[in-house]
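To keep things clear, I will list the structure first and then write my remarks on it.
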Amino acid sequence: MATRRHANSPGDLLGLVPEELLGLVRSRELELGRAITGGRHGAHRSRRPGSGHDFLEHRAYIPGDDLRQLDWRAVARRERLVVRRSESEEAFALALLFDDNAGMRYPGTPEGVSKLDVARAFGASLAHMAQRRRDPLAFVCSGDAGLDARAAEPSARLERKAALVDALDTMQGRERFDWRGALEAFAVGLRRPSSLVVFSDLIEPSFGPRASGEEEDPERAIEAILDALAAFAARGHIVTLVQTLHADELDFPWEGDEVLRFIDLQSQRPEIEATGGSLRARYLERFAAHLEAVHRHCERRGIVHLRAIAGRPLAPAFVELLDRLAARDASEGRGAGGGARR
Amino acid sequence: MNFASPWMLLGLLGLALPILAHLLGRREARRIPFAATRFLDASEPRVARRRQLRDRPLLWLRLLILAALVTALARPFVRAPAQVTVYGATHDAVIILDDSASMRLRVEGTRALDEAVERAREIDAALAPGSRVAWITSDPHGREDALDLPQGARVEALAAWLDAKAVPHAHPLADALDRAIATLGPEKGRPRVVYALSDATAGGLPSLPATLPGEIALIPIEVGASETPVEHVGLGVPSWTPAPELDPRALRIKVPVQRHAGRDEIQVELVLEIDGREEARTQVGLAPDAVQEVEFTHTLMGESPAAAATLRLEGLDDALPIDDRRDLWLDAESATRIAVVNGDPSERREFDEVYFLVTAIRAADPAGRIRVRGWAPEQLAAAVSEAEAAGREPLEDIDLLVLANVPAPDAPLARALQARVEAGMGLWISVGDRVETQAYNTALGELLPLRLRGPSFAGTAPGRSEARVEGLAPTHLSHPAFAGQSEDLDLASTRTRRLFLLEPDASRDTDLALSFASGAPALITRRFGRGRVALSTTSLDRDWSDLALRAGFVPLVDQMVRWLAGRAGAASEELHWVGDAVELEGSRDWVVRAPDGVERPVAAAREPGDASRFSDTRQVGLYRARPAGRESGEGELEADARRFVVAVDPSESDTRTQPIPHVELDDAVPVEGQRPQWRLLLALAALALALESWLRTRRESAKA
């Protein structure tokens, strides 16, 4: 599975999309399940009933309504004034957050697909589909000197696409990812509701600052990150967490008596020498509990959570991502209706 | 530190194996960069056990054990100061190795004999090339080989022979010189050297002459040397005497316990066993260099005529154990044989010189264990000269000879008497009209308790003519003959008209049994060699005194006869030193049962009149000999059966050192000794092993 840039398409997002996903990217449209209130008209349904093509509902005429919105044929059928409401189609920003901490480099071999490769492929695919609809793009990832948050404000300009291609191309996994900085940058940059897609393994994130010498509790950092993402959701953003993992992390394929030395990619923890067999059962148990906890936290906070697994077929995961993004949330629909009545 | 087998040290490389294995084991680990290390449990115990040098003390201990064993295999030694000097040029050598009893003395934990073997190895290795050497032991029946080139195997064979066959004999080292010189053979242009490996006791190196004839060089090499005299305790030769005053079958068993060297007084435990059963036990306090005579009384029980008695010291880590045990045969049945020489026989019993004496002896011996024979003086002379002519020991079947008013014996007879007394016979001389002072002093002056001054009439002091008799003072109950006698013999009313006065002589060790009221001796005794001599200064018949009529006369005669005849233990004449041949009556075959119960046949002598010889007396202990063809049994009381004791000569117990003759040798080369150190290493390894086991057990129990 080729995930790196295609040689024949320099500067193009499609060049970063693996062949496995190319068909999907070309054939599917990016849809958002929830109506959002965008800044301007675009190809997405808006919570604000407007002049879109798609019929939303009929309702009784209230004095003060725009007379242009009267559905004459319905008035004739029902013999009372009804107003036709249609979905408004608005421009929608796609915000991508790449947690490119060193752990995402795994397995770090030229022939293997790393978690970072998966994040890059999904990110490039989504960005390409958004860009096809002229949607603005925003992204945050690590740069050469710390966090690169210059593109945290959505923009539909071509330069933004080129910047993203460039960033994805050079993204290689830094020691630690500055979650706090990234979320603060988006908090400022995403003034209108947007679709925020977060790529992270969420294994041992850092949500500093912390007192010097104090060991950061990864569980608490994860909760803090998810709380912050929940705040984005509360502000109307669609927050999707694509937990990018590797098949080895899920399966722990080392079972024998061979002595292995595990080295922490983030250089945070001491090396561990042990036989795989002696570690496996306990590891699987603890890792499964961790995944379960992340999933539970996301559900509780209204964050869409799904997993993309490096080392396994990517298309099903990408299809699931598209479906989850397009899924219409019933409660949100009712809320929109309520809002319209005002 | 040097090593006899240095290539063995290559084994030390093996020490690297455990460490190497550990290091290699560490390198095996495959590196896996991993993101989710925080879910890995680092405290998994099996991993820790395998990956860490968790038991460093155990590792070091095991390495120490390995190192000590390997080093011990390399046989380390240190060069000791020269203990041995050898002749530098090529020569012929005879090495005499003293294997006498005193060489069993342990000095600082090593027997002198073992040290001698060690020195022998050094000499063997150090002799100049081309030298020939022969080994002989100081035991005349011991190992002896011919001149040959030096060869370690011969030394080892000698050591093996010493372990298995050497007997603790008492032959002086000097006795082996003749054999050594004979082995060397006549002068053939090569230097001839005799090396003598021995201790500095009287029978060892000090017994050697300073020079040997025929330009043979003598090199004494002392072994078992010690800066301070080595302390040990030993038993002398035990003896027994009948104790009829206690019981007809009672005996007194005496044994001297001697301590050699030492400091402060010590207590040793002496045990008496009769027929293998412990009968008595006593504590003996011993000052340094002291001798204590210990006496047991024992009454023989049962039907058996003889009993095997063993005396041994217990609870003693003695440096010379061979003399810590002594054996003897006890015999309550043996008859006492008395010959009474009557110098003044008479047809009328009351005037016969010996009538009262013999009557008293018979009266005191209802069991008839005393056999009395009467001789005229001529018969005594004839018996002695006949025995000498036949080559037999004269009077050997007599335990006590009584010379009652006998004229002085001639010189040959006197010599025979003196020799016999020295060998253990008792002699009782009573005076009378036929005793001439001068002749007696000439013939038996050496033997008499005191020399005679001359006969005298009682009460002839100036101014006293009315009292013409002398009474006896109370009996001297302290005299050994009266042991067990607690009451006076009641002889005070004895009236003596005539007596012999004696010449005082402070140099003679005499015991007074009876004395006259005036203080003049009436019956005086003396030990002479192993025998005892008594002298009555008045007659035993009624001529000079009425002593024979007194009630106390019978017990006096009984006690005196038993004491005089009570040879220094009946065992003494059947005592042989270990390694010596025992002569048996030569006209028939014998079977001898050794202390270990094995019976060995002894063939009759080839020539009539010769004795059979039983020479396998390597074991110390009690032997029985019986004519072949007789069944052995406990109830054997045959006149012709023999019992004898084989013992270690007590002279070998005397480990005091004497000066060694100094030998000047022009062409002598001192040889460096090798003091092996591997025992120390083995001890270290054993200690470390014990520590390792303890540590391991503790770890395992802690883990459990």
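The values are calculated or read from the model by the stated rules, or taken from the named source; none is laboratory data. The structure presented is a predicted model; accordingly, all values stated were derived computationally and were not measured. With ideal geometry, Cβ positions are generated from the backbone for all residues, glycine too; neighbour counts draw on all protein chains shown.
List of remarks:
- Qualifying position, being surrounded by fewer than 21 Cβ atoms within 10 Å (Cβ to Cβ), in a loop (DSSP other than H, G, I, E, B), in contact with a strand residue (DSSP E or B) (Cβ under 9 Å, 6 or more places away or on another chain) and not assigned by TED's automatic domain parsing to the domain that holds residue B:96, among B:212, B:246: B:246
- Answer residue from the range B:419-438, given it is in contact (Cβ under 8 Å) with a residue 60 or more places away in the chain and among the polar types (S, T, N, Q) and is surrounded by the fewest Cβ atoms within 10 Å (Cβ to Cβ) among those: B:437
Matching residues to (1) modelled with pLDDT of 85 or more; (2) outside the structural domain of residue B:343 (by TED's automatic domain parsing); (3) of a type outside the set (A, V, I, L, M):
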{"site": "B:381", "(1), (2), (3)": "yes, no, no"}
{"site": "B:393", "(1), (2), (3)": "no, no, yes"}
{"site": "B:420", "(1), (2), (3)": "yes, no, yes"}
{"site": "B:429", "(1), (2), (3)": "yes, no, no"}
{"site": "B:441", "(1), (2), (3)": "yes, no, yes"}
{"site": "B:448", "(1), (2), (3)": "yes, no, no"}
{"site": "B:471", "(1), (2), (3)": "yes, no, yes"}
{"site": "B:480", "(1), (2), (3)": "no, no, yes"}
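- Some residue of the range A:56-77 being at pLDDT 80 or above, part of a loop (DSSP other than H, G, I, E, B), more than 27 Å from residue A:241 (Cβ to Cβ) and among the acidic types (Asp, Glu): yes
- Residues that are within 29 Å of residue B:318 (Cβ to Cβ) and in a strand (DSSP E or B) were ranked within the range B:100-135; the one that is nearest to the chain's Cα centre (by Cα) is B:100.
- The range A:96-124 residues that are within 14 Å of another protein chain (Cβ to nearest Cβ) and polar (S, T, N, Q), paired with ones that are surrounded by fewer than 24 Cβ atoms within 10 Å (Cβ to Cβ) and part of a helix (DSSP H, G or I) (beta carbon under 9 Å, 6 or more apart): A:114/A:105
- Residues (assigned to a helix (DSSP H, G or I), surrounded by fewer than 16 Cβ atoms within 10 Å (Cβ to Cβ) and facing chain B (nearest Cβ under 9 Å)) located in the range A:245-284: A:282, A:284
- Flag if residue A:240 is at pLDDT below 90, out of contact with any Phe, Trp or Tyr (no Cβ under 6 Å at 6 or more places or on another chain), among the β-branched types (Val, Ile, Thr) and surrounded by 15 or more Cβ atoms within 10 Å (Cβ to Cβ): no
- The lone criterion from (1) in contact with a strand residue (DSSP E or B) (Cβ under 9 Å, 6 or more places away or on another chain); (2) crowded, with 16+ Cβ neighbours inside 10 Å left unmet by residue B:148 is number (2).
- The set of residues from the range A:218-244 being away from every other protein chain (no Cβ under 14 Å), within 15 Å of residue A:290 (Cβ to Cβ) and part of a strand (DSSP E or B) comprises just one member, A:241.
Table: residues versus (1) β-branched (Val, Ile, Thr); (2) out of contact with any helix residue (DSSP H, G or I) (no Cβ under 8 Å at 6 or more places or on another chain).
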{"residue": "B:69", "(1), (2)": "no, no"}
{"residue": "B:94", "(1), (2)": "yes, no"}
{"residue": "B:104", "(1), (2)": "no, no"}
{"residue": "B:111", "(1), (2)": "no, no"}
{"residue": "B:122", "(1), (2)": "no, yes"}
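- Sole residue being surrounded by 13 or more Cβ atoms within 10 Å (Cβ to Cβ) and either free of Cβ contacts under 8 Å to residues at least 60 places away in the same chain or more than 20 Å from residue B:532 (Cα to Cα) (or both), chosen from B:389, B:360, B:411: B:360
- A residue that is part of a loop (DSSP other than H, G, I, E, B), within 15 Å of residue A:121 (Cβ to Cβ) and at pLDDT 60 or above occurs somewhere in the range A:91-106.
- Qualifying position, being surrounded by 15 or more Cβ atoms within 10 Å (Cβ to Cβ) and touching a residue at least 60 places away in the same chain (Cβ under 8 Å), among B:515, B:545, B:539: B:539
- Only one of A:190, A:196 that is within 18 Å of residue A:304 (Cβ to Cβ), more than 10 Å from chain B (Cβ to nearest Cβ), modelled with pLDDT under 90 and touching a Phe, Trp or Tyr at 6+ places or on another chain (Cβ under 8 Å): A:190
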